[in-house]
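Each remark here refers to the structure printed beneath this line.
The values are calculated or read from the model by the stated rules, or taken from the named source; none is laboratory data. What you see is a predicted model, and the numbers here were worked out from it, not measured in a lab. Neighbour counts are summed over all protein chains in view; Cβ atoms, including those assigned to glycine, are modelled from backbone coordinates with ideal geometry. All accessible areas refer to the heavy atoms of the entire protein, side chains included, with ligands and DNA or RNA removed. Shrake-Rupley method; radii C 1.70, N 1.55, O 1.52, S 1.80 Å.
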Amino acid sequence: MAEVTSLVADEAMARRLLGWLVPDGDPLVGLSVADVERFCWYELPRKWHADAREQRRAVAVLAGLLTGVGRVRAAAVCASGTTAQVLAAWQRSEEVGFAAYRKAAAASPTTPPDVAGLSWGQVMGIQEALARANLEDRLEQALDEGELDPDARAFSAARRRLVQHWLATAQPVFEGRAPLEAVRRERRALWAEASPTERRALLAAVLPALEESVAAPADTAEPLRWLLEQIGDGVTLTQAGYLPRELVAAAFARYPRWYPIGKGPRSEADLFQLAHLHELARTHRLVTKRHRMLKLSASGRAQVTDPQLRQHTAALAWLGTTAAERQVAECALCALWAEPRLREDLRDAVHPVLAAGFSHGDGTAMEEKDTERLLWRFWHTGRELGYLDERERSVDAPISLTAAGRPAALAALRLLAEGPRDHI
């Protein structure tokens, strides 16, 4: 009697599973490994009203259904220790469950990894979701056909090469376009449409330029390149951890406007522009430090000779790290792309956008002084990198992009427009 009851329960579970996974009556054989992983690791524990016992029955029945239609790899997901661990994590708490799900998904061989030129967003548009789903199928095909071996030492590198090649190759599902360009175009459109109205008005001037092909810069962020060259194979820091005095003196000789008063700086502490560049190099791991010896990292050496890499790093530094800093930098770049602006005019153009989207931790509104503080960071970083005109120091002089600053501004805006989205 118990056996009959169990069979009836399994049949009921099978109908429920099919209704959930293939609601349109499509054949179960078309279900991808990625679909099964999402169901077992997220949908079942998060969206089904099922206790731990019923969850175990669900994955067992699903494994049988998939085995019956020859989907051995997908069936193995259901019976795996990973699935048991993820389901157990969800029983402890939602936070622990989410963490276990993300870890399992990241480790799956059918998950498309981030590659040069594209990091996947937590929130995706239609084209990005389509590209990811097709890549999941392509990776599963490569695994089934032996093109990729998940146990091979070179698996990660081989998977990245496959993903990069697929993204850069015209695909029928994207009407003959490369998926990477389709994703970037969609991201730019979603970025441009975001509120408020004042922001969209500022963005309008730069949108046509963002649609153009990217040209590799001949040189960019020259002060950063100079500092990296000076550090080279190593310099000895002072006892206080500052750059050596001879390097400070060389910086003053090369960039006298950094310290226009007196006889010159005595240490890095007196030359904040150099200190900021030093901090930038440390933050982006362009240098390594052992005891008092500071030398270039492999990344730092690469950026000395590769303007594209250096521009990327400089753009990240120019934009800042917080959401408010990036919002102000975005609006300022768009405003300056259209025309030079007086500081007061630039503040007046940027502040309505900042005030519309941000507030202080206590709920009070952002004030003009907050915008001015963030613009100060943007302005000084831009000058240190050689991207903003510094011919005049008067507060009444207009701020403008230099010849190197215009392509750098586009590079920074592309990072914002084409980068991954983590929220709607």
Original post:
Stretch Ala133-Ala298 to full length: gain in nm at 0.36 nm per residue minus the Cα-Cα span?
Top reply: 55.9 nm
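I need the calculated FRET efficiency for the pair Asp24 and Phe98, taking r as the beta carbon distance and R₀ as 35 Å, to the nearest 0.05.
The pair Asp24/Phe98 has a calculated efficiency of 0.75.
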Subject >> Potential extension, Leu415-Arg185 segment - 0.36 nm per residue separation minus Cα distance >> reply: 81.5 nm
Subject >> Residue-span extension gain [Glu368 to Asp219] - 0.36 nm each, minus C-alpha spacing >> reply: 50.1 nm
Subject >> Net charge dipole size for the stretch 246-330 [Lys, Arg +1 and Asp, Glu -1 on Cβ; Debye, nearest 20] >> reply: 380
Subject >> Structure-derived mean projected area of the Cα convex hull in nm² - corresponding label in (i) 25.1; (ii) 26.8; (iii) 19.6 >> reply: (ii)
Subject >> 1.4 Å probe accessible area per residue over the stretch 173-315, in Å² >> reply: 54
Original post:
Using a basic spin-label model with each label point 7 Å from the Cα along Cα→Cβ, how many nm lie between Arg266 and Thr67?
Top reply: 8.0
**OP:** Return the carbon/sulfur percentage of the accessible area of the stretch 327-416, one whole number, probe 1.4 Å, all protein chains in place.
**Re:** 51
Original post:
So, with +1 on the Cβ of K and R and -1 on the Cβ of D and E, and no other charges, what is the size of the charge dipole of the stretch 191-241 about its Cα centre, to the nearest 20 debye?
Top reply: 200
**OP:** Could you list the residues of the stretch 264-304 with an amide nitrogen less than 15 Å from a label point located 7 Å from the Cα of Ser119 in the Cα-to-C-beta direction?
**Re:** 284-285
Original post:
With the contact rule set at Cα under 8 Å and sequence spacing of 6 or more, what percent relative contact order holds for the chain?
Top reply: 14
Subject >> Per-peptide average of other Cβ atoms within 10 Å, ordering 119-129, 303-313 highest first >> reply: 303-313, 119-129
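Per DSSP H run of at least 4 residues, take -39500 (n - 2.57); add these up for the chain, divide by its residues and hand me the 222 nm value, nearest 500 deg cm²/dmol.
One gets -18500 deg cm²/dmol as the mean residue ellipticity at 222 nm.
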**OP:** Pop the C-beta distance of Gln164 and Thr236 into the FRET formula with R0 = 51 Å and round what comes out to the nearest 0.05.
**Re:** 0.80
Original post:
Of His312, Leu130, Leu210, which is farthest along the charge dipole of the chain in the positive direction, counting Lys and Arg as +1 and Asp and Glu as -1 at C-beta?
Top reply: His312
Original post:
Taking +1 at the Cβ of each Lys and Arg and -1 at the Cβ of each Asp and Glu, which of Leu385, Leu294, Thr402 sits farthest along the dipole of the stretch 292-424 towards its positive end, judged by Cα position relative to the Cα centre?
Top reply: Leu294
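Nearest 20 debye, what's the magnitude of the dipole of the chain about its Cα centre given +1 on Lys and Arg Cβ and -1 on Asp and Glu Cβ?
Numbers: 53 positive and 56 negative charges, 273 e Å.
Charge dipole, the chain, about its Cα centre: 1320 debye, nearest 20.
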Original post:
If r is the Cβ-Cβ distance from Lys47 to Arg282 and R0 is 30 Å, what FRET efficiency results, to the nearest 0.05?
Top reply: 0.10
